[in-house]
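The values are calculated or read from the model by the stated rules, or taken from the named source; none is laboratory data. All figures in this text were calculated on a predicted structure; none of them were measured in a lab. Note: ideal-geometry Cβ built from the backbone for every residue, glycine included; neighbour counts use all protein chains shown.
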Amino acid sequence: MGRFLKIFKVAFRSIYKNRTRSLLTMLGIIIGVGAVIMTISAGEGATMEVENQISGLGTNLLMIQTKSEHKAGINVRMGRPIDQKDLEVLQKNSVWMPRLSPLLAIGAQAIGPSGYKSTMVYGVSYDYFYITSRELQSGNFFTEEDVRTAKKYCVIGETIREELFPGQDPIGKQIRIDKIPFTVIGLLTEEGSGGMQDMDDIVLAPHTTIQNRLYGHQRGYTMIMASALSEDHITDAKVEATELLRESHKIKAGDEDDFEIMTQVELQEITSNITGILTILLGAVASISLIVGGIGIMNIMLVSVTERTREIGTRLAIGARESDILTQFLIEAVVLSLVGGLLGIVLGVIGNQIIYKITDFFIPTAFYSIVIGFCFAALVGVTFGYFPAKKAAKLNPIDALRYE
């Protein structure tokens, strides 16, 4: 034990003697560990934001749309469009889906008194507001009568209000959507950007108005949104919708569906998998800097072996064993890595807070990212420090004493 402590002292004395060089050597590890922690934590934050957005829609949401395949960079529709006939079939025969709303999505330019903004306009029914649990900050939703008579009413999000009516109450005022005037009757409660999508950059209008005025002669809906009777009956609702639509589309037994039904649970799983894969990829890219830092440690340790050849020869000549020299240089490499790892952890945690302050995007510092970063730093120290340490231990004492 005493022998090991002496080796430890010699290793630390050598690091302290070359403080500036040691700090520069650790820089790669510091940046690498900090980057790993920040990227993994950012992935966790993105996952949380997406899950919160989806959960905000409730836990019993179903989305019914035409099946499509991604070909040559575009989505190609593979079946009959989901249309008004399908909506009527579901409304008349569904037991497990008490509320249904068609959805027509179109990109358009909204023009107001104080400017204009490119946004998404959604044509929906009165039930949409209950299905998605959206609430109003002021004004009213449009009614079923407004939908039936295709009134040119709209409900806007806070982002649209800030762009078109800064510092004003938009209720009762008009905006133009692709030259068509709409009267603003409601302002949605602010929900925020959620990291991936601005939930307030939205215009909602009766689907009949959008179909007649903006959607042209395109057939069908973008999708039908539905809410199951309860979370426990979401599977029943999906099975029921599948059977009713297969009958409506006259799909024979054994043939594939020409539509897709996605539940909220499935949507959450898909988005979690996507963000998880992105987190792993970003973490892998960030870890490259750790490897670069390890190469820097190996390089400096090899230089150190060359510079201290006579010292090593002297120690070997007066009784030091090869294992003592190996241990000393290995300790130096590992200490550089671990100290760099600790400083990298501090950098990562502070970096997360800085990003949060600047972007208002909450990044939780994942504990496992700290463990991964620190363990990786230790592994880098052992891996890249072993070769220089082995080289030092294998020096011939006589040749080392003659070295100039």
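Counting residues that are under 21 Å from H207 (Cβ atoms), which helices (runs of 4 or more DSSP H) fully inside segment 95-181 reach at least 2? Step through it out loud before you land on a result.
Numbers: elements: 128-131, 144-148, 158-164.
The qualifying helices (runs of 4 or more DSSP H) are 128-131, 144-148.
Among the numbered criteria (1) modelled with pLDDT under 75; (2) touching a helix residue (DSSP H, G or I) at 6+ places or on another chain (Cβ under 6 Å); (3) on the phi < 0 side of the Ramachandran plot, which one does Q197 miss?
Tallying (1) modelled with pLDDT under 75; (2) touching a helix residue (DSSP H, G or I) at 6+ places or on another chain (Cβ under 6 Å); (3) on the phi < 0 side of the Ramachandran plot, Q197 fails exactly one: (2).
List the residue pairs whose Cβ atoms are under 7 Å apart, where the first residue sits in segment 107-127 and is touching a residue at least 12 places away in the same chain (Cβ under 8 Å) and assigned by TED's automatic domain parsing to the domain that holds N140, the second is buried (at least 21 other Cβ atoms within 10 Å of the Cβ) and assigned to a loop (DSSP other than H, G, I, E, B), and the two are 6 or more positions apart or on different chains.
Note: pairs meeting the criteria are Y126/F142.
Residues in segment 199-253 that are more than 18 Å from S133 (Cα to Cα), of a type in the set (G, A, S) and buried (at least 21 other Cβ atoms within 10 Å of the Cβ): how many?
Residues in segment 199-253 being more than 18 Å from S133 (Cα to Cα), of a type in the set (G, A, S) and buried (at least 21 other Cβ atoms within 10 Å of the Cβ): 2 in total.
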